[in-house]
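Right, one structure below, let's go through it.
The values are calculated or read from the model by the stated rules, or taken from the named source; none is laboratory data. What you are looking at is a predicted structure, and each value in this text was computed from that prediction instead of being measured. With ideal geometry, Cβ positions are generated from the backbone for all residues, glycine too; neighbour counts draw on all protein chains shown. Please note that ligands, DNA and RNA were not included when accessible areas were found on the heavy atoms of the full protein model with its side chains. Shrake-Rupley method; radii C 1.70, N 1.55, O 1.52, S 1.80 Å.
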Amino acid sequence: MISAIVFLPLLGAIGAGIAAFMKRDGLGYVCSLTGVILSMILGWVAFMQMAIPGIEQTVFLAHWINVSSFEVNWALRYDALTAVMVIVVTTVSAMVHIYSVGYMSHDPSKPRFMAYLGLFTFAMLMLVTADNLVQLFFGWEGVGVASYLLIGFWYQRPSAHEAAMKAFVVNRVGDFGFALGIFAVFHLTGSVQLDHVFHAVPSLVESHIVIFGQALPALEVAGILLFIGAMGKSAQLGLHTWLPDAMEGPTPVSALIHAATMVTAGVFLVCRLSPLLEFAPVTRDVITIVGALTAIFAATIGMTQFDIKRVIAYSTCSQLGYMFFAAGVSAYPAAMFHLTTHAFFKALLFLGAGSVIHAMSDEQDMRNMGGIWYKIPFTYTMMWIGSLALAGVPFFAGYYSKDMILEAAWGAHSGVGDFAWYLGIVAAFLTAFYSWRLLMMTFHGKTRASNEVFAHVHESPLVMTIPLFILAVGAVLSGWVFYDLFVGHHWHDFWGHAIFIQPDNTIMEDAHHVPTWGKLMPLYVSLGGIGLAIIIYGMMPSVASGVARMFSPVHQLFYRKWYFDEIYDAVFVRPAVQIGRFFWIKGDKATIDGFGPDGVSAMVGRFSHLCSRLQSGYVFHYAFAMLIGVVVLLAWYLRSL
């Protein structure tokens, strides 16, 4: 059953790819939908029959690499951590597949799109079921390739293929760190198989690695390098710039990549490596700080954007920051809990935004919307449910999981934990504010759309609204359904050996004993953010532009995304282009081509030109040449006597 869960989406993708060559749209839909829906059903069955009872299994597939002492096999690891990721990935992917049937109905390349979705799902499943770091890296890179194909699906648009390339290149930075981390782990333990690595970690606490003449703690170095890989995939501060541009892909891609799959791979990696990170406290502090900074940084940007998908994308970036700082304070179950609930309500928000874009004739700018709530009441309701869950309003899913993260940060009783708690509280206020800013600008007030667009606003078809309803159920119920199982007092009964926390670390228990005011603070600030957004954008819309003018420098800082793109362009992109141009013109063209093929061909051309001048057409020239030849032969003959 475990093998079927992983490989059914791949078979569906292959079938959809064949259908694309045959130009059979219906066949492409059948193949891709069948593969991913069956995988989802089996994933839930396995969760109920194996994960909840605590059954762990490793399925051997084949031998892969066997060189001296280095041995890597294909094997599928199924434990509680894998089980949670499988149901999240397959459920959201199945909803995205179904939704895409309606959303992409007018696209000429539907089977190709469905094939890419299936390939992405397979790569993600291969990642979360990996039994060793090399196989995990295979799925990691497979997800990167598939995301490149999906983001650049509309490759005719320059912005789309530029965004795809940007995502690919920025992720390579993180992946390079990840690869170095794998090398370091193998150097330290002599293995890349997860159980062998984790078994060897306690004996390496005092080990050091010499880098540039400096002896550094070995586990800290390996942990930081592996976290750099997680930063790239999960768009953490510094390696986040690819995420907003990835909105150039079709909306179903945004839901798949930014809700439950690719961007959560980094959180999964950190939680999978908990037996290593628990012995690397400096690395965990770094993870906490980066996560907290990302949560507040992305929230400040989200409240100034006007593209409906970009607002939700920065929201994803911010929520990933929450997950990371939870893992940084050793509350790995809380991080996985928020990952699960976030998958449902964020996929709901992205697909809901797609329904709005569909209704508004492909308009994405919220400044050109407004006053459409009564024309698309179902989509409007779904967006409210997703926003309530995101803001952490009782009793929606985000209320349970996000509050648990903040309570864990408080319960850590450490400097970095307090730092994360304070920034998390401010980010909770901003999250609620920009969520209701989106609702007010999109659905309420006077319409700012053209008469023609407004007249054609209509509700999406059932094939798009049914996935919204299913995700809405998850956004409402997943919090209290999974709370006791994931983060309750007996959390260890479910997670078993999949997550390791030091026996003397009582973080999960301490999180349940936060003072009442500390537990209520996230709710108070969220309600404050909601109220402020309703007042500004619902009752006094002219105030927003006035505030933006009054605080123009700060507004521009947030709107221009803290100028990260401009800084990277000046520091990395333009110098790299200039260096590349220098080597191209001076090195390749002038030196290699100049002395190589171009130089040789030029020399042959000049020699041929000289020879051609002998072919003058005058008889006396030929007679003179013959005479010279006779003289030369005669001289040579006489000299040889």
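Some observations on this one:
- Counted residues, the stretch 269-280 - those being free of Cβ contacts under 8 Å to residues at least 60 places away in the same chain and either out of contact with any Lys or Arg (no Cβ under 9 Å at 6 or more places or on another chain) or not in a helix (DSSP H, G or I) (or both): 1
- Applying the criterion of at least 2 residues that are surrounded by fewer than 10 Cβ atoms within 10 Å (Cβ to Cβ) to the helices (runs of 4 or more DSSP H) found wholly in the stretch 550-641 leaves 597-614, 619-640.
- Scanning the stretch 507-522 for residues that are in contact (Cβ under 8 Å) with a residue 12 or more places away in the chain and either over 26 Å from Gly424 (Cα atoms) or assigned to a loop (DSSP other than H, G, I, E, B) (or both) gives a single hit, Val514.
- When restricted to residues that are surrounded by 24 or more Cβ atoms within 10 Å (Cβ to Cβ), in contact with a Ser or Thr (Cβ under 7 Å, 6 or more places away or on another chain) and small (Gly, Ala, Ser), the stretch 218-233 contains 1.
- Residues that are open to solvent by 10 Å² or more (accessible area, probe 1.4 Å), basic (Lys, Arg) and part of a helix (DSSP H, G or I), drawn from the stretch 338-397: Arg367
- Residue that is surrounded by fewer than 15 Cβ atoms within 10 Å (Cβ to Cβ) and farther than 30 Å from Gln57 by Cβ, where the choices are Pro467, Pro515, Pro541, Pro503: Pro515
- Qualifying residue in the stretch 562-583 (condition: closer than 17 Å to Phe433 by Cα, of a type in the set (Phe, Trp, Tyr) and modelled with pLDDT of 90 or more): no
- Within the stretch 41-66, the set of residues being open to solvent by 50 Å² or more (accessible area, probe 1.4 Å) and under 16 Å from Asn132 (Cα atoms) comprises Glu56, Gln57, Thr58, Phe60, Leu61, His63, Trp64, Asn66.
- Just one of the listed residues (Val525, Val487) is surrounded by 14 or more Cβ atoms within 10 Å (Cβ to Cβ) and under 26 Å from Ser435 (Cα atoms), namely Val525.
- Restricting attention to the stretch 104-129 and to residues that are modelled with pLDDT of 90 or more and of a type in the set (Ser, Thr, Tyr), the residue that is most open to solvent (accessible area, probe 1.4 Å) turns out to be Tyr116.
- Exactly one residue out of Tyr434, Tyr422, Tyr400 is outside any loop (DSSP other than H, G, I, E, B) and free of Cβ contacts under 8 Å to residues at least 60 places away in the same chain: that is Tyr422.
- Being of a type outside the set (A, V, I, L, M), within 30 Å of Asp107 (Cα to Cα) and either open to solvent by 10 Å² or more (accessible area, probe 1.4 Å) or in contact (Cβ under 8 Å) with a residue 60 or more places away in the chain (or both) is not true of Phe186.
- Among the residues of the stretch 408-437, those that are farther than 16 Å from Thr506 by Cα and over 24 Å from the mean Cα position of the chain (by Cα) comprise Gly415, Val416, Asp418, Phe419, Trp421, Tyr422, Ile425, Val426, Phe429, Phe433, Trp436, Arg437.
A quick yes/no check of all residues on (1) aromatic (Phe, Trp, Tyr); (2) touching a residue at least 60 places away in the same chain (Cβ under 8 Å); (3) on the phi > 0 side of the Ramachandran plot:
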site: Val221; (1), (2), (3): no, no, no
site: Leu237; (1), (2), (3): no, yes, no
site: Leu243; (1), (2), (3): no, yes, no
site: Ser254; (1), (2), (3): no, yes, no
site: Ile287; (1), (2), (3): no, yes, no
site: Gly291; (1), (2), (3): no, yes, no
site: Ala295; (1), (2), (3): no, yes, no
site: Thr316; (1), (2), (3): no, yes, no
site: Phe324; (1), (2), (3): yes, yes, no
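- Filter result for His97 (out of contact with any Pro (no Cβ under 6 Å at 6 or more places or on another chain), under 30 Å from Ser460 (Cβ atoms) and modelled with pLDDT under 90): no
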